[in-house]
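One structure is given below, encoded as structure tokens.
The values are calculated or read from the model by the stated rules, or taken from the named source; none is laboratory data. These numbers were taken from a predicted model, which means no experiment stands behind them. Here Cβ is always computed from backbone atoms with ideal geometry, including for glycine, and neighbour counts include all displayed protein chains.
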Amino acid sequence: MKRAIVACAISIAIWPLGNKVCAQGITTGGSGGFGLTAGGVGVTGQFRGTMSSGVAIGAVLQLPLPPRWLALRADLMYLSITNKLPTCSNLLDNCLSDPGASEIASGGLAVVARLNARESSWSPYIVAGVATYHVGHFLSAAVAAVRTNPFGWQGGIGIEVRSSKRVFFAESKYMTIAPGGVVPVVIGMRF
């Protein structure tokens with residue numbers, strides 16, 4: 001999985017782009033900004049005893065809103081989190097001796113609020129919204145509860161730096177998934 005993150009980061013860095021980038025990663029034509037993310041993920045709440053850490057990869061689409069300092073963001077994220085305890089198959093309902101990984105896919109909708117001038121080449125920001133979750137093939141006992149409540153809140157902070165062609169960002173957010181939560185810390189690029 002580490003190789004996949006490295007390959008994603010290299011692809012992001014060398015992606016050929018020709019659009020001039022303005023605030024919030026939006027091109028001068030106002031068409032919107034698409035991006036890719038990669039990073040790590042930690043766990044909180046009841047997940048802490050059964051899962052440790054993992055990797056997060058994702059895609060974002062960010063569109064400006066009428067107040068110039070706000071944007072609407074849609075994102076998809078895949079999380080693979082290492083289990084501390086044996087995993088159970090949601091198809092066979094039996095446990096395996098290998099702890100394996102819990103897989104969570106999420107889709108979210110959020111508002112992004114910039115905290116400084118739109119014309120600045122860098123900006124801290126706050127992101128807040130809602131998300132829905134789907135659990136993959138193998139589950140820890142704690143992740144099995146996700147099936148009963150696939151909706152949650154997400155919120156976090158980040159910083160973006162804009163060059164003439166790309167927007168690079170680093171972000172940490174908390175995503176509630178009853179009975180715990182996950183904390184993806186990602187870097188990414190919008191173009």
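Quick check: is even one residue across region 31-43 among the hydroxyl-bearing types (Ser, Thr, Tyr) and either at pLDDT 95 or above or under 22 Å from Phe191 (Cα atoms) (or both)?
If we filter region 31-43 for residues that are among the hydroxyl-bearing types (Ser, Thr, Tyr), which is where we start, we get 31, 37.
Filter once more, keeping what is either at pLDDT 95 or above or under 22 Å from Phe191 (Cα atoms) (or both): 31, 37.
Yes, region 31-43 has at least one match.
Go through the residues of region 51-64 one by one and say whether even a single one is more than 24 Å from Asn116 (Cβ to Cβ) and at pLDDT below 75.
So in region 51-64, the residues more than 24 Å from Asn116 (Cβ to Cβ) come out as 51-59.
Checking which are at pLDDT below 75 leaves us with none.
No, that holds for no residue.
Can you name the number of the only condition in (1) at pLDDT 90 or above; (2) surrounded by 13 or more Cβ atoms within 10 Å (Cβ to Cβ) that Ala145 fails?
Single failed check for Ala145: (1).
Counting only residues that are buried (at least 16 other Cβ atoms within 10 Å of the Cβ), touching a residue at least 24 places away in the same chain (Cβ under 8 Å) and assigned to a strand (DSSP E or B), how many does region 154-168 have?
The initial filter retains those residues of region 154-168 that are buried (at least 16 other Cβ atoms within 10 Å of the Cβ), namely 154, 156, 158, 160, 162, 166-168.
From what's left, touching a residue at least 24 places away in the same chain (Cβ under 8 Å): 154, 156, 158, 160, 162, 166-167.
Of the ones still in play, those that are also assigned to a strand (DSSP E or B) are 154, 156, 158, 160, 162, 167.
Residues in region 154-168 being buried (at least 16 other Cβ atoms within 10 Å of the Cβ), touching a residue at least 24 places away in the same chain (Cβ under 8 Å) and assigned to a strand (DSSP E or B): 6 in total.
Modelled with pLDDT under 90 and at positive phi: is that true of Gly100 in this structure?
Details: modelled with pLDDT under 90: yes; at positive phi: yes.
The answer is yes for Gly100.
Could you grab me the full set of residues in region 173-191 that are more than 18 Å from Val161 (Cβ to Cβ) and of a type in the set (Phe, Trp, Tyr)?
Answer for region 173-191, where residues must be more than 18 Å from Val161 (Cβ to Cβ) and of a type in the set (Phe, Trp, Tyr): just Tyr174.
Considering region 44-70 alone, what residues qualify as being closer than 15 Å to Phe191 by Cα and of a type outside the set (S, T, N, Q)?
Quick first cut of region 44-70, residues closer than 15 Å to Phe191 by Cα only: 58-64.
Those that are closer than 15 Å to Phe191 by Cα and of a type outside the set (S, T, N, Q): Gly58, Ala59, Val60, Leu61, Leu63, Pro64.
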